[in-house]
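These notes are about the structure you will find just below.
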Amino acid sequence: MHVPRKRFGQHFLHDKQVIQRLVNVIAPEPTQHLVEIGPGQGALTLPVLEKTGAMDVIELDRDLIPILTERCQAVGTLTVHQADALAFDFSALVKNDLPLRVIGNLPYNISTPLIFHLLEFAGSIIDMHFMLQKEVVDRLAANCGNSDYGRLSIMVQYHCQVTALFDVPPSAFHPPPKVDSRIVRIVPYQTVPHVAKDYGHFEGLVRQAFSQRRKTLRNCLKRLMTDDAWKKSSIDPKLRPEQLTVADYVKLSNDLIESDNQ
Ligand code: SAM
């Protein structure tokens with residue numbers, strides 16, 4: 001028997017209703033390329049593999065792999081990558097230009113960096129369905145003006161549409177986590193609606209803006225924007241960082257680049 005490991009964020013799903021509901025919202029089809037992060041003992045892997053016949057999984061804990069492989073053997077073709085999802089090259093899985101559908105009941109301790117890592121592969125992914133700590137889903141899906149709205153919301157919403165789907169109580173897992181969970185659907189845009197001329201600059205601007213979220217933009221962005229640059233901008237420097245939409249941040253970054261080039 002496998003003893004769940006805290007350092008790998010192991011909370012195994014056992015509630016059959018929750019698993020079925022999750023599979024229903026994912027709606028896997030045989031023609032699709034499903035990739036699961038952290039398959040564990042296969043709670044989600046088995047019902048998905050039943051539908052698709054083949055899938056890739058990325059699991060860090062090598063002790064789980066024999067259990068998983070044995071359980072999936074009769075169900076379909078499982079390709080196991082024993083690896084750290086945080087360092088995994090997801091684009092290497094794409095075959096015949098068929099983009100990926102990424103799923104997972106993610107280890108909560110690495111979920112934010114993992115989502116940032118996955119954004120680098122947004123062009124190779126059709127959609128993602130994740131079980132996350134409820135508060136992380138709230139931050140991902142938050143709108144401008146909301147107290148949960150911040151760097152994570154902006155960077156994810158720059159690339160993707162985010163929809164919170166349903167909640168899962170701690171009792172659905174073994175061992176139960178100390179937090180509530182929520183399912184989220186994240187769909188990368190085929191064409192990003194507001195394009196930053198220099199993505200690195202945009203990223204840096206958002207990071208700087210939220211480094212002191214209680215201050216005004218003028219204060220937070222002191223190092224990046226002069227009074228002159230503010231005068232030329234249509235954005236009010238007295239606003240606070242959470243009052244700007246993704247489009248506003250893109251515009252601010254693009255305007256700054258333009259004024260630097262003049
Ligand atoms: N999917 C299973 C389930 O729902 O029962 C397990 C979910 S458990 C919350 C998270 C899984 O991710 C564990 O199997 C754990 O070993 C694995 N894991 C933890 N860190 C990982 C990493 N950096 N890369 C890949 N898998 C990881």
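Any read-out appearing in this document is the output of simple, stated calculations on the displayed coordinates, not a laboratory observation. Being a predicted model, the structure only gives us computed values, none of them experimental. Virtual Cβ from ideal backbone geometry, glycine too; neighbours counted across all protein chains shown.
Ranked by the mean number of other Cβ atoms within 10 Å of their residues, highest first, the peptides 61-73, 133-145 fall in the order 133-145, 61-73. Taking all Cα pairs closer than 8 Å and separated by 6 or more residues, the relative contact order of the chain comes to 16 percent.
If you average 1/r across every pair of different Cα atoms in region 199-261 and take the reciprocal, what Kirkwood value do you get, in Å? Final number for the Kirkwood radius of region 199-261 is 11.4 Å.
Just list whichever of Lys51/Lys95; Lys51/Lys178; Lys16/Lys51 have alpha carbons separated by over 21 Å in the model shown. Before the final figure, lay out each step's value.
Working: Lys51/Lys95 19 Å; Lys51/Lys178 32 Å; Lys16/Lys51 16 Å.
Among Lys51/Lys95; Lys51/Lys178; Lys16/Lys51, the Cα-Cα distance tops 21 Å for Lys51/Lys178.
Normalised by 2.2 N^0.38 Å, where N is the number of residues, the C-alpha radius of gyration of region 1-158 stands at 1.03. For region 41-50, 3J(HN,Hα) computed residue by residue from phi via the Karplus equation (6.51, -1.76, 1.60; θ = phi - 60°) reads 9, x, 3, 9, 4, 4, x, 6, 4, 4 Hz, glycine and proline entered as x. In this structure the amide hydrogen of Phe173, modeled in the peptide plane, comes within under 5 Å of the amide hydrogens of His14, none closer than 5 places in sequence on its chain.
For region 144-196, the Kirkwood hydrodynamic radius from C-alpha pairs, put into Stokes-Einstein at 20 °C and a viscosity of 1.002 mPa s, yields a diffusion coefficient of 162 µm² per second.
For Ala164 and Glu50, the FRET efficiency from 1/(1 + (r/R0)^6), where r spans their Cβ atoms and R0 equals 22 Å, is about 0.25. Listed by chain and number, the lysines whose alpha-carbon sits under 22 Å from that of Lys232, ignoring those within fewer than 8 places in the same chain, are Lys197, Lys215, Lys222, Lys251.
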